[in-house]
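Below: one structure, written as structure tokens.
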Amino acid sequence: MTVGQRLRWLLDMDHNDFINEVLKYQPLFPNVSIDFIVDSHFMEKYLLLDEESTQQVLEALQQAPLKRIEFCGVRPGLNFDPRTRSGAKLLAMYQRLCDALGNISTIEDMLLISEDQPWGTLHGCALLGLRQVTCVVIFCVYRPQSAQNFRAIVTGIRNHPNIKSIELSVPTEHYPAIFPIFQTLPSLAELDLNVAPYDFLDVGPGAAHVLADLLVVAASKLQVGIHRLLFLDGSHRILCDGIIHTNIKALAFDGCKFEDAKSLATALAGTHVKELRLTDVMFANDKIIFWESLAPGIAFMHQLEKLSIKYWGAMEYTMADSKERFDAAMAAITCSLACCPRLKMLELINFCISPSFDNALANCIQKCLKLKDLTVFRAGGQTANTCLYPKTMAVLETNYALKRVHLNGADESTRGKVKIFRRLNSAGRGYMATNAANQEGGIQVLAHHKVNSDLSSVFTHVRENPAICRVNIAGVAGRRKRKANET
């Protein structure tokens, strides 16, 4: 079994086999982390036993380094009514389970799937008991009673001291309950609103107001991800107004559809967002207008540190004029990034690698001195028979900051050079920015395990700094020894 392997325990075994299973993996802990599922099957099979057997199961659980707990739904008819003997026993056993799990310090993540109202109440109790949890995923089934479930879960969340990340997959009419979560969780840093695996949900004006207010109030502490929501008619204008007035740290739109492309681009361009992720955003009107309008606005996003654009919809542009407009817009966006001095990460997926794009990318790398992570995927169908990145490669030769570079679609020669530059930069080639003939710096780069195991990297760096060949090894060793003695 490999170090760090994750196990999912479905617990389709009797309680003695379950205890033996825990003990079997005990010598491998803490290198094995376990995803543990609590559902009605577990409740009936392991908690409704005689007192001795139940206690043995709970004690075995406390020996396991559980990382993630999944509280799934209950089967119809399972009795949670505290007025009945069986219901009171089940509730008492569930509370004992939560108390036992609360003593496991390794639990970090929880998945809550709520179907019936009593189960939602129990989830809230579980959250209050598991104080070490930092990440919660909440999935409420789209039924009339799900509002009660969500409110019950929120009760547990809003009084929790350590939650940093919440992912909500709930009907949009529950969004007004989000505000109490945010207002009482000082540690909350990430909030994802996700309707998958269901189809798109239309956001009405009421939910849009909640989202807009959340973006404004969130200030610089919160990262918000919005997935597969439709912003049409009034909800689009409300959201754009919230974006314009926000000072949010990070914002992501994934698979969302908007009424008007130009107004969204204008709203985004006016923000001070540090991280922006746009994945397959769609529009009711001309799609390309969004990218054309976003290009000049990015030049004013001076706080931007991370930008990710993934747009598989580019494959729809089969007409020559549409494809030409889209490619020109993407090149213009890349060119505007040269005005973002804080940019550290750039990810551009499914772009056409044209000469104008190559020029813009090279200029961006030259101007963005803090850029460390670069990923470019060419559009499907574009051949790679020749070097698609001549200008970019020329810039990479003298770029000492980039430590992660992936240029999809590059020819074999280009890929080889990229690997060499990546190794050298990771090994500390940055010394050449101030003194390209620094002998000791060159020796340290060559001594790095990523460089000395690859002859191409060694020869490349020796060509860059020929002074390495004249270095006095004894002198360098002596200087290092004197420095060590001084400290």
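Values for this structure:
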| item | result |
| --- | --- |
| When each of Lys164/Lys417; Lys67/Lys344; Lys372/Lys450 is checked by Cα-Cα distance, pairs over 29 Å | Lys164/Lys417; Lys67/Lys344 |
| Of every Cα-Cα pair in segment 226-281, the percent that sits beyond 16 Å | 37 percent |
| Ranked order, Thr375, Thr434, Thr266 - accessible area, probe 1.4 Å, largest first | Thr434, Thr266, Thr375 |
| Stretch gain in nm, segment Arg85-Ser453, where the contour uses 0.36 nm per residue and the Cα spacing is subtracted | 125.5 nm |
| Over 24 Å (Cα to Cα) - which of Lys257/Lys306; Lys274/Lys310; Lys262/Lys370 fall in this group | Lys262/Lys370 |
| Distant-in-sequence amide H partners of Leu111 (H built 1.01 Å from N, under 5 Å) | Ile69, Glu70, Phe71, Val137 |
| Phi-based couplings in Hz for segment 345-361 (Karplus 6.51, -1.76, 1.60; Gly and Pro marked x) | 9, 9, 10, 10, 10, 6, 9, 7, 8, 9, x, 5, 5, 4, 4, 5, 5 |
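The values are calculated or read from the model by the stated rules, or taken from the named source; none is laboratory data. Quick caveat, the model's predicted, so the values are computed rather than measured. Just the protein is used for accessible areas: all its heavy atoms, side chains included, with ligands, DNA and RNA removed. Shrake-Rupley method; radii C 1.70, N 1.55, O 1.52, S 1.80 Å.
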